[in-house]
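Participant: Before I ask anything, let me first share the structure, which is written out below as structure tokens.
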Amino acid sequence: MERAAYKLLKEKGYGGTSMLGIAKEAKASNETLYRWYSNKKGLFKTMIENNARATKAALDEAIRDEADPLATLEDVAPVLLSMLLGERAISLNRAAASDESGELGATIAAAGRDSVFPLIEKLIQRGLESSALAAPSARMAADWFLNLLIGDLQIRRAIHALSVPSDRDVHSRVVAAISAFKKLCGT
């Protein structure tokens with residue numbers, strides 16, 4: 001279902017993609033699609049959540065296991081950056097940019113950043129409490145981390161000004177971002 005939705009999203013945009021069209025493309029029944037996802041917004045919310053799943057799982061595990069915050073950020077950063085710059089996230093962002101209703105953008109924000117950012121913030125808060133990190137606030141440090149890691153790369157991908165980065169490019173960006181973050185927030 002999701003593969004069909006991504007294909008139609010790329011071809012027709014969010015507004016032009018219908019549940020019936022997705023069902024036909026997936027060779028499934030429209031009723032099944034509605035039963036599984038309730039509506040188009042539910043389907044795309046699930047797609048966004050699935051895209052962010054690996055990052056959230058790694059952060060949840062690190063928080064639960066009280067793992068070292070900096071080591072966790074180093075481990076999570078390539079997963080997060082690769083996901084954000086990958087074809088699926090970029091297709092969703094391109095479609096959201098052209099969706100005048102704002103529905104897809106709101107769904108991306110809620111199921112993506114608004115669910116991952118608090119986990120990064122919580123991880124950094126633990127680093128502040130243990131004096132492993134120093135910053136005015138966990139929120140500010142989390143924002144710094146994401147800005148250093150992502151910068152304008154995602155928008156450059158969305159506007160076709162940057163191709164999919166290689167694993168080597170992702171690694172280089174992660175190393176630079178972590179080094180800068182340590183300079184900003186390390187103790």
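Participant: Search region 60-93 for residues being open to solvent by less than 30 Å² (accessible area, probe 1.4 Å) and touching a Ser or Thr at 6+ places or on another chain (Cβ under 7 Å), and hand back the single one that is farthest from Glu2 (Cα to Cα).
Facilitator: In this case the residue turns out to be Ala62.
Participant: Suppose the filter is open to solvent by 40 Å² or more (accessible area, probe 1.4 Å) and farther than 30 Å from Ala132 by Cβ; does Lys12 pass it?
Facilitator: yes
Participant: Yes or no: region 36-50 includes at least one residue that is out of contact with any Pro (no Cβ under 6 Å at 6 or more places or on another chain) and more than 20 Å from Gly112 (Cα to Cα).
Facilitator: yes
Participant: Quick test of your reading of the structure: Phe44 fulfils all but one of (1) part of a helix (DSSP H, G or I); (2) over 21 Å from Leu149 (Cβ atoms); (3) of a type in the set (A, V, I, L, M, F, W, C); (4) at pLDDT 90 or above. Name the failing condition by number.
Facilitator: Condition not satisfied by Phe44: (4).
Participant: Same structure, new question: Pairs please, first residue from region 16-34 and in a helix (DSSP H, G or I), second anywhere and open to solvent by 70 Å² or more (accessible area, probe 1.4 Å) and among the charged types (D, E, K, R), Cβ atoms under 7 Å, 6+ apart in sequence or on different chains.
Facilitator: Glu25/Lys7
Participant: Next question, about the same structure. Limited to region 120-134, what total is found for residues that are open to solvent by 30 Å² or more (accessible area, probe 1.4 Å), of a type in the set (A, V, I, L, M, F, W, C) and either touching a Lys or Arg at 6+ places or on another chain (Cβ under 7 Å) or assigned to a helix (DSSP H, G or I) (or both)?
Facilitator: 1
Participant: Could you list all residues from region 135-168 that are part of a helix (DSSP H, G or I) and exposed (fewer than 13 other Cβ atoms within 10 Å of the Cβ)?
Facilitator: Asp167, Arg168
Participant: Right, here's the next one. Take the conditions aliphatic (A, V, I, L, M) and under 29 Å from Gly105 (Cβ atoms) and apply them to Leu119. Does it pass?
Facilitator: yes
The values are calculated or read from the model by the stated rules, or taken from the named source; none is laboratory data. Treat the numbers as computed from the prediction; the structure is a model and nothing was measured. With ideal geometry, Cβ positions are generated from the backbone for all residues, glycine too; neighbour counts draw on all protein chains shown. Just the protein is used for accessible areas: all its heavy atoms, side chains included, with ligands, DNA and RNA removed. Shrake-Rupley method; radii C 1.70, N 1.55, O 1.52, S 1.80 Å.
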